[in-house]
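Nothing in this text is a laboratory measurement; each read-out follows from the coordinates by a stated rule. Model, not experiment: these values are computed from the prediction. A quick note on method: Cβ atoms are made from the backbone with ideal geometry, for glycine too, and the neighbour counts reach across all protein chains shown.
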Amino acid sequence: MATSYRTIIRDGLWDNNGVFGMILGMCPTMAMTTSATNGFGMGLATAVVMAASNLLVAMFRGYITQEVRIPVYILIVAAMVTLVDLTMNAWMHELYKVLGLFIPLIVSNCLPLARLEAFAAKEPVMPSLMDGIFMGIGFTLSLTVIGAVREVAGSGTLFWDAHLLLGPAFSFMETRILPADTGVLLAILPPGGFLVTGLLLVVKRMLDLAAGKEIRMAGAHSV
Amino acid sequence: MKPSWIHALILGIFCTGFGALLAVTNQFTADSIELRAVEDKQNSLAQVIPDSIHDNNPVKDVVLLKDHEGKELTVYRATRDGKVTGVAYEILGSGYGGEIRLMLGVAADGKVTGVRATAHKETPGLGDKINTAKTDWITRFTGLSLGNPPVEKWKVKKDGGQFDQFSGATITPLGVVLAIRRGLEFFAENKTQMLEVR
């Protein structure tokens, strides 16, 4: 029962989005969205791990028995995270200094594990890879949007420090929207994470309702 | 129903496989990672010890001392023409969000050559103004020493000292000021060991 690529892409980016559809991965979502740049970095690192682990599980699923599948999935996610961590530390050190903090946090994200169980364990290799990539991109977009809202409200800036993450060429993205020291500090403190995520969830559901879509319960998946 | 040893075997094979993969990756990256760590340390030392006072690599010239709690403290030494011109070591302050780690550089005459926050969990937007990326607050300590200002003035203004707190945060600057004062006292107590030529 192969899922069409169209559905995979739409699910990942909007319908069944990791943060705003399934409400998964809340730990890194709350922790890393104090700025748009941080959210983007965390999302990107997660997307790499998700694509790699979805691919591996889809390749090996014929050899993994039901009884030991969860430990094997955790093993694969943890191994991919460590692999990314070591490689980036050694060969992409500037980027690692910015993202390094986020990478171990991916293990605490249940979204990769959920996609392995709900998708990669049942689908062929290519769709699984696509699912990992687009779920990852959807996660990245969600975190970037939450980060952007919190950053503008809390610090009055948008994409601040983007040059640290993406290189000096991207420093044009760094904009100051409100004058310094006028932000609502609450937005970048932990409660702000819950408030902003909750409000954005309301916005998404209102858009879905307006489009006449049926609202799916959190956790329901498309397979 | 498969016998349970099959599951054990499968899990074992996956563990061995991924374990081996990680071991190989570690083998390939270990040298680069160590090199990067030394470079990072060098960069952070370069911020607290000016280049002009040394001709050695302070990362390579270390003395191990015992701090007040009996823990081992690595002291990096800057030398010029064989004489120790300055030292740098890590000091700890207690902030609002826990420990603040700072690197303190002290010249041989006891003056601060520089201090930088290396790791902290202070509130973003308030306490994180101790980072040079946010404000230059922490650079005001450069050139000061234990007698200048006098010991009783090593406090924030709110407590009758001479250092500005920032708006909305008193605990963070206080933690930093006290940490630097203790760091300088540590220098005074251990001066001979730190500066002796080996």
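In terms of modelled amide H atoms, which long-range or inter-chain residues lie less than 5 Å from the amide H of B:Gly86?
HN-HN under 5 Å from B:Gly86: B:Ala78, B:Ala108.
For the protein assembly as shown, with only Lys/Arg (+1) and Asp/Glu (-1) charged at the beta-carbon, what is the dipole magnitude about the Cα centre, in debye rounded to 20?
Computed about the Cα centre, the dipole is about 480 debye.
Please give me, ordered by residue number, the GluC sites (Glu not before Pro) of region B:1-110 that lie in loop per DSSP and have at most 11 other Cβ atoms within 10 Å.
Taking region B:1-110 and a limit of 11 other Cβ atoms within 10 Å, the loop GluC sites (Glu not before Pro) found are B:Glu69.
What shape does chain A have by the C-alpha gyration tensor, where a ≥ b ≥ c are the square roots of the eigenvalues, rounded means a/c under 1.5, and otherwise prolate means a/b greater than b/c and oblate the rest?
Oblate is the answer for chain A, as a/c is 1.5 or above yet b/c matches or exceeds a/b.
Separation of region B:1-15 and region B:133-155 by C-alpha centroid, Å?
One Cα centre to the other: 63 Å.
Using only Cα atoms, locate the centre of region A:152-189 and the centre of region B:54-100, then give the distance between them in Å, rounded to an integer.
Computed from Cα coordinates, the inter-centre distance equals 35 Å.
Taking the Cα centre of region A:167-216 as the origin and placing charges on Cβ (Lys, Arg +1; Asp, Glu -1), which of A:Thr175, A:Ala210, A:Leu186 is farthest toward the positive end of the dipole?
A:Ala210
Given the options A:Leu95, A:Tyr73, A:Leu105, identify the residue whose Cα lies farthest towards the positive end of the charge dipole of region A:5-210 (+1 on Cβ of Lys, Arg; -1 on Cβ of Asp, Glu).
A:Tyr73
I want the antiparallel fraction of DSSP beta bridges within the protein assembly as shown, as a percent rounded to 5.
In the protein assembly as shown, DSSP labels about 95 percent of beta bridges as antiparallel.
So how strong a dipole does chain B carry about its Cα centre when Lys and Arg Cβ are +1 and Asp and Glu Cβ are -1, to the nearest 20 debye?
With Lys and Arg at +1 and Asp and Glu at -1, about 340 debye.
With n ≥ 4 as the cut-off for DSSP H runs, can you work out [θ] at 222 nm for chain A, using -39500 (n - 2.57) per run divided by the number of residues, rounded to the nearest 500?
-19000 deg cm²/dmol
Along the charge dipole of the protein assembly as shown, pointing to its positive end and built from +1/-1 on Cβ of Lys, Arg, Asp and Glu, which listed residue (B:His68, A:Phe20, B:Leu35) has its Cα farthest out?
Going by the charge dipole, the pick is A:Phe20.
Can you compute the charge dipole magnitude of region B:1-74 about its Cα centre, using +1 on each Lys and Arg Cβ and -1 on each Asp and Glu Cβ, nothing else charged? Give it in debye, rounded to the nearest 20.
With only Lys, Arg, Asp and Glu charged at Cβ, the dipole is about 560 debye.
Taking θ as phi - 60°, what are the ³J(HN,Hα) couplings along region A:164-174 by the Karplus curve (6.51, -1.76, 1.60), each to the nearest whole Hz, with x for Gly and Pro?
Karplus-based 3J(HN,Hα) across region A:164-174 equals 5, 8, 10, x, x, 4, 9, 5, 5, 6, 6 Hz.
Cross-link candidates for B:Lys153: which aspartates and glutamates have Cα within less than 19 Å, leaving aside residues fewer than 8 places away along the same chain?
List returned: B:Asp164, B:Glu185.
Do the alpha carbons of any pairs in B:Lys41/B:Lys134; A:Lys97/A:Lys122; A:Lys97/B:Lys111; A:Lys97/B:Lys134; B:Lys66/B:Lys157 sit beyond 27 Å of each other, and which pairs?
Checking Cα-Cα distances, A:Lys97/A:Lys122; A:Lys97/B:Lys111; B:Lys66/B:Lys157 exceed 27 Å.
On each of the three principal axes of the Cα atoms of the protein assembly as shown, give max minus min coordinate, whole Å, ordered largest first.
Computed over the protein assembly as shown, the largest-to-smallest principal extents equal 77, 52, 39 Å.
Could you give the angle, 0 to 90 degrees to the nearest 10, between helix B:4-48's Cα long axis and the longest principal axis of the Cα atoms of chain B?
20 degrees
Scan around B:Gly95 for amide H atoms under 5 Å from its own, H built in the peptide plane at 1.01 Å from N, and keep only partners 5 or more places away or cross-chain.
B:Ile100
By its C-alpha gyration tensor, with a ≥ b ≥ c as the square roots of the eigenvalues, how is region B:103-198 shaped: rounded for a/c under 1.5, else prolate for a/b larger than b/c, else oblate?
prolate
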